[in-house]
Structures are given as structure tokens and as C-alpha cells.
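J.: Before anything else, here's the structure in question.
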Amino acid sequence: MRIDYDPAQCDRDTFYRLLTATVVPRPIAWVSTTSADGTDNLAPHSFFTISCVAPPVVQFTSVGRKDSLRNIEDTGAFVVNFAPEPLFEQINATATDFPRGISEFDAVGIARETSLRVKPPRVAASPVALECELHSTVRLGDSTVVFGRVVHAVVSKEVMAGGHPEVTKLAPLTRLGKDEWATLGGVREISRVPYAEWQDGADGLGR
């Protein structure tokens, strides 16, 4: 038995809770920006993904007009810092609705690191940072999708294995529904089946 939900008949909060509980797990963009007057901002955004690889573009969604969005519109730059499990409490703390003009870096006690290509600082303790220049924004209802072209990336040597970032060393945090967060569970590997081999292997796929 299933329960039907019609977005035209549901209020906004009901459907928000439904989507955030079922579109899971969601990676976190820990976005650092700098306002036009020089105040550094840091906030987590869980509507986040890769948009394109050539050129490299990532995107996150600002639900409402938050400081991250305002600063990016004003300055054209931001940094996506990787959100690792050891920084769980600090990441959550930067989601606090501090008044505009208060830096989450200072309020929470998070160390900065100078970026190479953009003005906003990186989170010093984050293992990965993607320095971005604003590509474009798209307004969708009460939200704005921000697209950023990655102009520089930096990865800590400690999370590398065989020349590639190792997910167990990265220890990513993800968002679920309600106030729930998730850490990395079991990791499984499987190769895609080329079409030329599909018929030979079809019986092994339970068909």
C-alpha cells in the first residue's frame, strides 16, 4: 500500500519534509563567501551536486535569500569546502541563523586558509576545497540555484590513495530528513557491464 502526495494539495513545509526525507543521502556544500564589505560567511547547503566536468561546474541551491547567495551575487566568488565527519558539530553550528555581518568563522571558531584564486577563504581543516567563480544563477520558486565554475581545487595529501581521493579517508557527512545526518556506511564496488557483454552476462543479473 502506498500513500499519495499531490504537491498542489500539500503545503510547502509538508512537501519539503517529504523531499528531504526521501532524496537521501545528500552531499553537503560547506560554502564560504565574503561580503562586499569584507565579512567572511560560512554555511552548509545540502542541495548540492556536480553540474558539468568540462568545464568543471558545481551547483548548490539557496533556499530563500541567504547570506551565501547575497555575497556571491555581490562578489562573484565562493568556495565549496568538503564537509567531513570529524567537523560534524562545527558544520552544524554554521547553520545557525547568525545576523548578517557576523562571521561564522569567528563565531564558531573555525580556522581560515587563504584561497589561491578567489577572495573567500577556505576552511583550513577541510580536506578538499573547490574555489569557484560564479557562472550563473537560476531562480526557481522560493529558491535560487547557484552554478560555480571551479577555477582551482585543493586536496589534502592525507586523504589520497594511489593518486586518487579515498572515500573512507574523506569520511563524508551527508544530510537526511528532519535533523538527521549520516556518515559513510559500507562501500561496494561494481563495474558497468558493456553492451557487447550484456547478453552473455544477462543470466547472472537475475533476468
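The values are calculated or read from the model by the stated rules, or taken from the named source; none is laboratory data. What you see is a predicted model; the values in this text were computed from it and never measured. We place every Cβ from the backbone using ideal geometry, glycine too, and count neighbours over all the protein chains shown.
J.: Determine, yes or no, whether Ala107 is over 17 Å from the mean Cα position of the chain (by Cα), at pLDDT 95 or above and not in a loop (DSSP other than H, G, I, E, B). Reasoning before the result, please.
T.: On the way: over 17 Å from the mean Cα position of the chain (by Cα): yes; at pLDDT 95 or above: yes; not in a loop (DSSP other than H, G, I, E, B): yes.
Judged against the criteria, Ala107 is a match.
J.: Can you name every residue in region 31-48 that is within 19 Å of Pro127 (Cβ to Cβ) and free of Cβ contacts under 8 Å to residues at least 24 places away in the same chain?
T.: His45
J.: In this structure, does Pro120 turn out to be over 24 Å from Ala182 (Cα atoms), buried (at least 22 other Cβ atoms within 10 Å of the Cβ) and either of a type outside the set (A, V, I, L, M, F, W, C) or modelled with pLDDT under 95 (or both)?
T.: Against the criterion (over 24 Å from Ala182 (Cα atoms), buried (at least 22 other Cβ atoms within 10 Å of the Cβ) and either of a type outside the set (A, V, I, L, M, F, W, C) or modelled with pLDDT under 95 (or both)), Pro120 qualifies.
J.: Counting just the residues of region 155-191 that are in a strand (DSSP E or B) and without any contact (Cβ under 8 Å) to a residue 60 or more places away in the chain, which one comes out nearest to His45 (Cα to Cα)?
T.: Within region 155-191, the first condition is being in a strand (DSSP E or B), and the residues that meet it are 155, 160-161, 164-165, 172, 174-175, 181-182.
Among the residues that remain, those that are also without any contact (Cβ under 8 Å) to a residue 60 or more places away in the chain are: 155, 160-161, 164-165.
Details: Val155: 20, Met160: 25, Ala161: 28, His164: 25, Pro165: 22 Å.
Per the criteria, the residue is Val155.
J.: On to the next question. Taking the criterion of being among the charged types (D, E, K, R) and part of a helix (DSSP H, G or I), would at least one residue in region 51-68 satisfy it? Spell out the reasoning first.
T.: First, the residues of region 51-68 that are among the charged types (D, E, K, R): 65-67.
Right, trim to part of a helix (DSSP H, G or I) and you get 67.
Within region 51-68 (the criterion being among the charged types (D, E, K, R) and part of a helix (DSSP H, G or I)), the answer is yes, since at least one residue qualifies.
J.: Among the residues of region 135-160 satisfying the criterion of being surrounded by 11 or more Cβ atoms within 10 Å (Cβ to Cβ) and farther than 30 Å from Arg65 by Cβ, which is farthest from the chain's Cα centre (by Cα)?
T.: Here the residue is Met160.
J.: List, please: which pairs have Cβ atoms under 6 Å, are six or more places apart or on different chains, and start with a residue in region 10-25 that is free of Cβ contacts under 8 Å to residues at least 60 places away in the same chain and end with one that is β-branched (Val, Ile, Thr) and part of a helix (DSSP H, G or I)?
T.: No pair meets every condition.
J.: Among residues belonging to region 8-27 that are among the polar types (S, T, N, Q) and over 22 Å from Gln59 (Cβ atoms), point out the one that is farthest from the chain's Cα centre (by Cα).
T.: Gln9
J.: Ok, one more. Within region 1-36, how many residues are under 23 Å from Gly148 (Cβ atoms) and part of a loop (DSSP other than H, G, I, E, B)?
T.: Total satisfying the criteria: 5.
J.: Next question, about the same structure. Could you say whether any residue in region 82-90 is assigned to a helix (DSSP H, G or I) and among the acidic types (Asp, Glu)?
T.: yes
J.: Which residues, taken from region 91-104, are surrounded by 20 or more Cβ atoms within 10 Å (Cβ to Cβ), within 16 Å of the chain's Cα centre (by Cα) and part of a helix (DSSP H, G or I)?
T.: The answer is Ile91, and nothing else.
J.: Restricting to region 136-151, name every residue that is in a strand (DSSP E or B) and over 20 Å from Pro44 (Cα atoms).
T.: Across region 136-151, the qualifying residue is only Val151.
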